[in-house]
């Protein structure tokens, strides 16, 4: 099945310019090119990349827009997901990506350069070691465990900030472990063309 990027974005309610479509495609080009030498993603097929990388990452966009996000940190960003697609469709945001793997960071820096992402920053360190920065929103689609995600990043959250964990099924057991100190809201996400459960968990301090 062919996944049309523009149709997918329209289904997500995201309006983009011709330039932004070109940037998203250039990002995929770069991903394909680098994937030949370093393992950035297990997804090799371009159609699948549109679906599982771009549209999946952008399925959270409206949740972030509704929450009036203007700056965010993507933790364990890897190949820049969801950071780079979100930055491309929201050029006015300040998006930072933290990634401890040096080769992946080299890719992120190259993407910043080639795609002219002026508001995008790359931090090449372990998230626990990032100091002197605060973010109103911390997002991840790579962390397996919620407690781990929150505990390792809470020093980077602004006072009234929140976390967004992108998940498949709702991880009720993981949420239970955190409910003493944190409150949750769960948004169901729809990825056009993907028949699978997707959710965004918004986590705030009690």
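Describe numerically, in nm with one decimal, the distance between label points set 7 Å from Cα along Cα→Cβ at residue 204 and at residue 25.
Calculated label separation equals 4.1 nm.
What does the extension gain come out to for residue 65 and residue 38, with contour length at 0.36 nm per residue minus their alpha carbon separation?
Working: separation 27, 0.36 × 27 = 9.72 nm, distance 3.32 nm.
Between residue 65 and residue 38, full extension yields an extra 6.4 nm.
Sorted from fewest to most neighbouring beta carbons within 10 Å, what does the list 126, 198 look like?
126, 198
Compute the separation of the alpha-carbon centres of the stretch 62-85 and the stretch 99-169 and state it in Å as a whole number.
Each part reduced to its Cα centre gives a spacing of 9 Å.
Could you give me the radius of gyration and the Dmax of the chain, taking only the C-alpha atoms into account and expressing both in angstrom?
For the chain, the Cα radius of gyration and maximum Cα-Cα distance read 16.1, 47 Å.
Working out 0.36 nm times the residue gap between residue 92 and residue 45, then minus their Cα-Cα distance, what length gain in nm do you get to one decimal? Before the final figure, lay out the partial values.
On the way: separation 47, 0.36 × 47 = 16.92 nm, distance 3.05 nm.
Residue separation times 0.36 nm, minus the Cα-Cα distance, leaves 13.9 nm.
Remind me, what semi-axes does the stretch 1-64 give for its equivalent ellipsoid, largest first in whole Å, using sqrt of 5 times each Cα gyration tensor eigenvalue?
With the √(5λ) rule applied to the stretch 1-64, the semi-axes are 21, 12, 11 Å.
Coordinate-derived values only; no laboratory data. What you see is a predicted model; the values in this text were computed from it and never measured. We place every Cβ from the backbone using ideal geometry, glycine too, and count neighbours over all the protein chains shown.
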